[in-house]
Every structure is written in C-alpha cells, then in structure tokens.
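These notes are about the structure you will find just below.
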C-alpha cells in the first residue's frame, strides 16, 4: 500500500513548509538538549510504537541502533515496564511519554506522580525539552499515520 500523499513532494507547499518547521524544532531539541541522546531515541521510539506509525518506528529503532543502542533495549521498549534494562530516569521518561501520548485515553492526562518522578531525574530545561519532544513526535506520528507513510526503507542516520 502506497502513501496517500507525499507531504514533501512540492517543497513550496504550505504543508511542506510547515512540516519543515516541525523537523527544525525536533532537530534543535535532538542536537541542543542536555536530555541524554539515548533517552531521546527511546522516547521517540515508544511514542511512535503507541501511535502505530510504521515510518517513525522504523526511523527511531534504526537510529537508536546506529547510535549504539543494544538490540535488547530496542526490542524491549514496548515492554519497558516488564524489563530490567532501563534506568530509573529512562523509565520516568518512558512513563511520561506513554501518558503524554495516551492523553485521549486517560481523562486525567499526565498524572502528578509521573511528572514528579520525571522531575526527580531531569532538570527544568530537560523536562521542557522532553515535553516538546513528546508533543512533536506525536504530531509527526499523526501526520505519518494519516497519510499512511510506510516504514522499512529508512537509512539510519538521516534524521537525528
């Protein structure tokens, strides 16, 4: 099944320019944040899995491996609660990611407990970056799912 539309086929279109801004914002966080790079990739991968975005799951699993992440950790991201391979800080980021991604499923949104736990591991700037990263990947995932952008062909290292 082919993608419904290529958002980037006309580089001067409004959609392509707007998507480019999403990319620039994500790139800024990925490059400039003091949030650990491994944590960033785990967060991006987990949100993409939850959202069912094949393209982004392909991108972030391959980028994590390309950056030296082990196949065990990449394979266990979907079951991080039942795994022993993630640090307490990573677990806090993954919990915040899940709750922030599943806002529509939980009337209360992100719990105070999840926020408090994340705040024990990350400073205010890192928490702000984490919030932006979660929001951006969720928006990006939704674009990919709506247009049915397929995963599998991504070459590691092109994005983040």
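Only the coordinates and a few stated rules stand behind these numbers; no lab work does. Just so you know, these numbers come straight off a predicted model, no measurement behind them.
Estimated purely from DSSP H runs of n ≥ 4, each contributing -39500 (n - 2.57), the mean residue ellipticity at 222 nm for the chain is -20500 deg cm²/dmol once divided by its residues.
Taking 124, 98, 90 in turn, the Gaussian network model of the chain (Cα-Cα springs below 10 Å) assigns the largest fluctuation to 124.
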